[in-house]
Amino acid sequence: MTAPGWLAGTGVAFSVDADVRASRRTDRSGWSPPGEPAAVVFPADPAEVQAVLRAAHTAGTPVVPRGAGTSMTGAATAGAGTVVLDLSRMNRILAIDPVDGVAVVEPGVITADLDRAAAEHGLGYAPDPASFEISTIGGNIATNAGGLRCAKYGVTRDSVLGLDVVLADGRRISTGTATVKGVAGYDLTGLFVGSEGTLGVVVGATLRLRVIPPARATVAAAFPDAGAAATACARLPVQPVLAELLDAATIAAIDAATGSTLAARGGALLIVQTDGAGEGELVAAALAPTATSVEVSTTGTDLLAARRQALPAIERLGRVLIEDIAVPRSRVAEAIAGITEIAATHDVRICTLAHAGDGNVHPLIVTDPAEPGIPPAAAAAADAIFDLALKLGGTITGEHGVGTLKREWLAAELGPVQHALQRGLKDLFDPRGILNPGKVFPSGSPTPALPFR
């Protein structure tokens with residue numbers, strides 16, 4: 001395949017090798033767009049990103065920004081006629097300031113690498129998505145990624161102080177400041193976080209670091225079922241760092257994959273971590289009346305490692321559709337009960353785990369890998385889960401984003417007025433529609449007329 005003629009003129013490294021292009025076609029969602037990208041570009045610095053976008057904007061060529069490709073919703077997929085902007089070469093931690101508690105990084109930095117580098121200064125980077133050992137900061141920013149520690153420290157947006165962004169036409173801007181407080185003008189930093197590469201390309205970030213507490217306590221409580229665990233979690237007397245809930249199907253999958261014996265504890269497991277041993281004792285006391293067993297540890301590393309093994313363990317059972325909803329914490333038990341009913345109604349296998357401390361529930365729908373595409377029963381179950389989330393006052397995505405797979409449901413959640421306003425923002429920042437087309441909003445669809453009511 002021949003690269004677009006304008007690409008060589010940018011002076012930026014690129015490849016048209018078939019294997020390279022195929023490897024950037026899809027992401028962890030497993031969804032594959034029609035065709036393959038025309039080329040993959042490897043910029044080494046912001047100036048090269050500017051050169052690529054300036055030329056692509058003039059030519060009208062679609063560009064798909066890409067980090068590590070760990071998106072669960074098809075946000076990093078690239079089909080026919082596109083050019084992939086692979087940011088993996090821009091992977092430097094430029095500065096860590098332990099006094100101000102900030103880090104300045106390029107978008108290709110691996111999330112866990114930043115956390116480890118900060119730890120050398122007694123600090124930590126709070127967001128820790130399940131893919132933190134392979135996902136990049138740029139990708140985390142694009143999707144406003146969450147993770148286990150979000151219950152206390154918030155999602156990625158809560159740790160982003162400022163951004164360097166290249167706009168669709170190649171102009172570069174800086175948003176925010178290196179200060180924790182800053183309210184000058186509209187919050188463009190917050191707007192770019194979670195925009196999935198549709199408004200601009202992040203080429204640098206100033207991030208907030210947190211002081212690592214001197215001690216943490218981990219409480220593992222078993223319950224008869226997931227509903228009982230969720231109900232108990234909603235009544236914790238302290239704000240936990242994390243509160244992870246695993247249902248019986250998830251526990252069974254972990255046991256089968258790792259040889260653990262978590263199922264012997266009960267029908268559901270709740271893992272709660274707190275800042276300080278004293279808070280851990282308060283949590284244990286609050287959970288004890290309804291739990292079948294409660295253990296307190298000053299490390300909890302084995303249990304947290306088991307929690308991070310949940311997805312790989314479930315993937316051994318078949319092809320997994322990883323759904324992502326969030327509901328008010330008080331309604332997590334209702335959400336889990338509803339998911340159980342949906343699984344029975346549509347005769348599909350669903351393993352459910354949750355960041356119960358912030359109401360983020362992940363129903364993992366297991367399908368037969370031999371079946372092409374998404375089986376109708378699985379698709380119907382997913383739709384029912386999204387509908388359930390909205391009925392419970394929640395959202396169709398707590399941390400994975402919209403991508404291509406949830407576009408239709410975005411309109412249902414936002415309503416016509418907000419949906420039109422958001423599409424208008426996309427058109428303002430990217431008038432030629434070259435940035436990650438087809439993500440969040442259908443590609444080529446006109447801006448809907450703004451209804452007034």
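The values are calculated or read from the model by the stated rules, or taken from the named source; none is laboratory data. None of the values given here were measured: they were computed from a predicted structure. Ideal geometry is used to build each Cβ from the backbone, glycine not excepted, and the neighbour counts take in all protein chains shown.
The table below lists the values:
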quantity: Matching option when the condition is modelled with pLDDT of 95 or more, of a type in the set (D, E, K, R) and crowded, with 24+ Cβ neighbours inside 10 Å, among Asp225, Asp247; calculated: Asp247
quantity: Any hit, segment 54-65, residues being touching an Asp or Glu at 6+ places or on another chain (Cβ under 7 Å) and either more than 19 Å from Leu148 (Cα to Cα) or modelled with pLDDT of 95 or more (or both); calculated: yes
quantity: Residues of segment 292-317 that turn out to be assigned to a loop (DSSP other than H, G, I, E, B) and either at pLDDT below 90 or surrounded by 15 or more Cβ atoms within 10 Å (Cβ to Cβ) (or both), as a count; calculated: 5
quantity: Any hit, segment 340-359, residues being among the β-branched types (Val, Ile, Thr) and touching a Cys at 6+ places or on another chain (Cβ under 8 Å); calculated: no
quantity: Entirely in segment 156-215, the strands (runs of 3 or more DSSP E) that have 3 or more residues that are in the same structural domain as Pro127 (by TED's automatic domain parsing) and hydrophobic (A, V, I, L, M, F, W, C); calculated: 160-166, 201-208
quantity: Condition check for Val327: in contact with a Leu (Cβ under 7 Å, 6 or more places away or on another chain), modelled with pLDDT of 95 or more and either over 19 Å from Ser71 (Cα atoms) or not assigned by TED's automatic domain parsing to the domain that holds Arg28 (or both); calculated: yes
quantity: Residue that is surrounded by the fewest Cβ atoms within 10 Å (Cβ to Cβ) [pool: residues in segment 1-37 that are closer than 30 Å to Leu311 by Cα and either without any contact (Cβ under 8 Å) to a residue 12 or more places away in the chain or among the acidic types (Asp, Glu) (or both)]; calculated: Asp19
quantity: Filtered residue count, segment 320-376, keeping only those that are assigned to a loop (DSSP other than H, G, I, E, B), touching a residue at least 60 places away in the same chain (Cβ under 8 Å) and over 17 Å from the mean Cα position of the chain (by Cα); calculated: 1
